[in-house]
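Structure first, then comments.
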Amino acid sequence: MQELRDRVKKMKKILKTFISLITILSLCFSLSVSAVQQETGSTQTSEVPYQSYTYWVDYNTSEKTPVYSKPMYEVKSIISAELLGADENSRLNDVSTDEQGNIYILDSGNSKIFVLDSNYNLVFTLQDINYNGSKLEFIDAQGIFVDKNGIIYIADTENKRVICMDKSGNVSNLLLLPKSELIPTDFKYRPVKVAVDSRGYTYIASDGSYNGAILYSPQMEFLGFFGANTVKATASDILKKLWNRLTSNDIKRAADEISLPYAFTDIVVGPEDFIYTTTGKGGKSTIQTGQICVLNPGGKDVLGGENKNFADSKVGRYLFATLSQSLNNIDVDKDGFIYVLDATYGRIFWYDSRNSLFSVFGGSAGISEQKGTFSLPSAIAIHNGNVLVTDAKKNTLTVFGMTEFGKKVSQAQKITLSGDFASSLENWEEIISEDSNCQLAYRGVAKAYYDLGDNVKAMQYAKLGVDRETYANAFELRRTEIIEKNFYLIVFIIVLLIVAISFTVYFKRKKKIVLIRNSKIKTALSSVWHPVEAFRLVKEKNEGSLVVSTVLLVLFYIITVLNDTAGGFAFTVFDSENYNAIYVLLSTVGLVLLWTLSNWLVCTLAGGIGKLREIYTVTCYSLIPIIAVRLCNLVLTHILIPDEGAFLGILIIACTLYSLFMLIIGIMRVHDYEFGKFVGTAIFSIIGMIIIVFLLFLVFMLIQQVLTWASTVFIEIRYR
């Protein structure tokens, strides 16, 4: 029996190989592109114990593509609660730094604050805090912040207050729930994070507050709420809500779920007093978007790209997990670079000020207990270029230091963001030599060559880095160079073409020369300008040609594939890995044949007099405008830039509608239908197409099962 199973597996393998061969042959039209070296398994390397990777954006498709990245951060040191003199009840929940470089670690398990100097040595421990003769404890406090004046703010979550005190532990104020008409009656005040800007305004993020951050003036006067998130709704959500309103009753209304904006889980002050916030989990889905906001002084999100996903596009690509990501904590350095902590998987996402991803590092202790992995990451802070991460379960402070490679990338990107592209060229080229997967490097080199005026190399590297904007800018200048260099030759060719065309038309009319003598080809070409007359000839004079129709159908398929694969780089997004020419064949040739068969079957029952070949002919003739506009689109995308090619989409839609008009005229002619009857039969034809596809699927499944059964019977007979 084991031998029998091996034989069956071998036959299945041969069948799969045959199908794969057909697929490869069908993909002959697909153009090859340089592939990014992707890591197929774990990205853990011998250099660092955690996983290090990044994303290429807009590569092949708009979806982010994960690739291995040379580590930009590595574990520098780990400071445990034991080293700080804490006991087993310790819980390191948050960390903050001041302008002098001191580090403040919140131990919410023991109501202590450990103060370290810039070299991570313990200076003193702040405890036994008193206020008006009473000892203050802040068990399970979630946040700590130190402002420019050295005032320490503790978000005492469970006690519903924010403690304000100096470095000696002298409490100056307690921020309780404000008494104001602006506060909802059912508001639950549970401070989790505090931030103070350079002007002295205090922002408090409260757990479960959908109204935004609580804002205090420098005089500690309650001013209201700041920067509430909004609920994003799709068109389907709006229609569903409208339908529910029209059909709701008391029972339905009682069961309705109210969509509320996400509450802030962290809040920090960045350069120029812009407020950076995170929202943690974005719903039940494992993939969320818009988890980070950058609020201007007016409370408006100015980050751009409201649906931007700041975490992984596919959870589990590296960790094989399905839990929701939770970007709970954030910090920003003086250059505006953003560091976000994923509390679920223990990873740190490092972005520049324009949301370009540098690297992802760190990991979950569920995968590895090594340095740089976390069990319950609770906070993140930036200190002199190092990344500090607290783990509330391990009770550790992990210090990540930037690697030499990370310093090169950071410095090169700073120069690029400043606009001095040419000065960053040498750095970016060195980075590419060390890590060919760095998309930022290719884009940086492209911008540098564009700045230096070498548009050919700028286009080359922009293609490699999938930087369509830089490519279009360099292409425009390169096109201008070619036109200026060959201006007289281009003018001469244009004049020569005009003269040749004029002479041909004149000579043709004078000598009455007929260029196309085949009446069936003439009928096919005239169907574009005179569809009524041409389709009348197809029906009454048998002027339709199956050969011409088939040639048009094949051209339709070829032009469609070429538009998908060989269009201009600035216009075309081609996924070489997932592109399926067989699917394109079915959606072009297969769709035409399916329509022809279904319409013939339906119209035969509905009194239509059109023959199968006539329906096929007028359908293929109707494709001429689409073929022509796609050919023009294929050529023009190599000549124009996106700003100049805005009209191409309108032109494609117009020609598609005209093709539909031709098809309507053709079907009405061959069946001798009025428009109303055409509409009815067309609807039933579409339904028939769906039924045919379903039946073909069933037949395919049946044949597959029969072949499997036959092969099994054959093997049984042969070996028994």
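Quick look at the values:
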item	result
Among residues of the range 609-623, those that are in contact (Cβ under 8 Å) with a residue 24 or more places away in the chain and surrounded by fewer than 21 Cβ atoms within 10 Å (Cβ to Cβ), counted	3
Unique match (being modelled with pLDDT of 90 or more and over 22 Å from the mean Cα position of the chain (by Cα)) among S364, S368, S359, S378	S378
Of all residues in the range 70-91 being in a loop (DSSP other than H, G, I, E, B) and polar (S, T, N, Q), the one that is farthest from S108 (Cα to Cα)	N89
Subset tally (residues that are within 22 Å of V67 (Cβ to Cβ) and either assigned to a helix (DSSP H, G or I) or in the same structural domain as A570 (by TED's automatic domain parsing) (or both)) for the range 449-493	9
Residues of the range 522-558 satisfying the condition of being basic (K, R) and either buried (at least 20 other Cβ atoms within 10 Å of the Cβ) or within 30 Å of F475 (Cα to Cα) (or both)	K539
Matching residues in the range 556-585 - criterion: being out of contact with any helix residue (DSSP H, G or I) (no Cβ under 9 Å at 6 or more places or on another chain) and closer than 20 Å to V693 by Cα	Y583
For L464: the one exception among (1) within 29 Å of P625 (Cβ to Cβ); (2) among the hydrophobic types (A, V, I, L, M, F, W, C); (3) surrounded by 10 or more Cβ atoms within 10 Å (Cβ to Cβ)	(1)
Given (1) in contact with an Asp or Glu (Cβ under 8 Å, 6 or more places away or on another chain); (2) surrounded by 13 or more Cβ atoms within 10 Å (Cβ to Cβ), number of the condition K188 does not satisfy	(2)
Residue among L634, L657 that alone is aliphatic (A, V, I, L, M) and without any contact (Cβ under 8 Å) to a residue 24 or more places away in the chain	L657
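Conditions tested, residue by residue: (1) part of a helix (DSSP H, G or I); (2) outside the structural domain of G666 (by TED's automatic domain parsing); (3) not acidic (D, E).
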residue	(1), (2), (3)
K508	yes, yes, yes
I521	yes, no, yes
L525	yes, no, yes
E533	yes, no, no
R536	yes, no, yes
K539	yes, no, yes
E543	no, no, no
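A quick yes/no check of all residues on (1) surrounded by fewer than 19 Cβ atoms within 10 Å (Cβ to Cβ); (2) touching a strand residue (DSSP E or B) at 6+ places or on another chain (Cβ under 9 Å); (3) not assigned by TED's automatic domain parsing to the domain that holds P218:
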site	(1), (2), (3)
Q127	yes, yes, no
G133	yes, no, no
I139	yes, yes, no
V146	no, yes, no
T157	no, yes, no
R161	no, yes, no
K167	yes, yes, no
V171	yes, yes, no
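Results for (1) outside any helix (DSSP H, G or I); (2) out of contact with any His (no Cβ under 9 Å at 6 or more places or on another chain); (3) charged (D, E, K, R), shown as yes or no for each residue.
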position: Y658; (1), (2), (3): no, yes, no
position: I665; (1), (2), (3): no, yes, no
position: R669; (1), (2), (3): no, yes, yes
position: F678; (1), (2), (3): no, no, no
position: I691; (1), (2), (3): no, yes, no
position: L698; (1), (2), (3): no, yes, no
position: L702; (1), (2), (3): no, yes, no
position: T708; (1), (2), (3): no, yes, no
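Here's the yes/no breakdown for (1) more than 30 Å from K463 (Cα to Cα); (2) surrounded by 17 or more Cβ atoms within 10 Å (Cβ to Cβ):
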{"residue": "T560", "(1), (2)": "no, yes"}
{"residue": "I582", "(1), (2)": "no, no"}
{"residue": "T604", "(1), (2)": "yes, no"}
{"residue": "G607", "(1), (2)": "yes, no"}
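Every residue, every condition in (1) more than 18 Å from G401 (Cα to Cα); (2) surrounded by fewer than 18 Cβ atoms within 10 Å (Cβ to Cβ); (3) of a type in the set (S, T, N, Q), yes or no:
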{"residue": "I338", "(1), (2), (3)": "no, no, no"}
{"residue": "Y351", "(1), (2), (3)": "no, no, no"}
{"residue": "R354", "(1), (2), (3)": "yes, yes, no"}
{"residue": "S364", "(1), (2), (3)": "yes, no, yes"}
{"residue": "K371", "(1), (2), (3)": "no, yes, no"}
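The values are calculated or read from the model by the stated rules, or taken from the named source; none is laboratory data. Only a predicted model underlies this, so the values are computations on that prediction, with no experimental measurement involved. For neighbour counting, all protein chains shown are included, and Cβ atoms are generated from backbone atoms with ideal geometry for every residue, glycine included.
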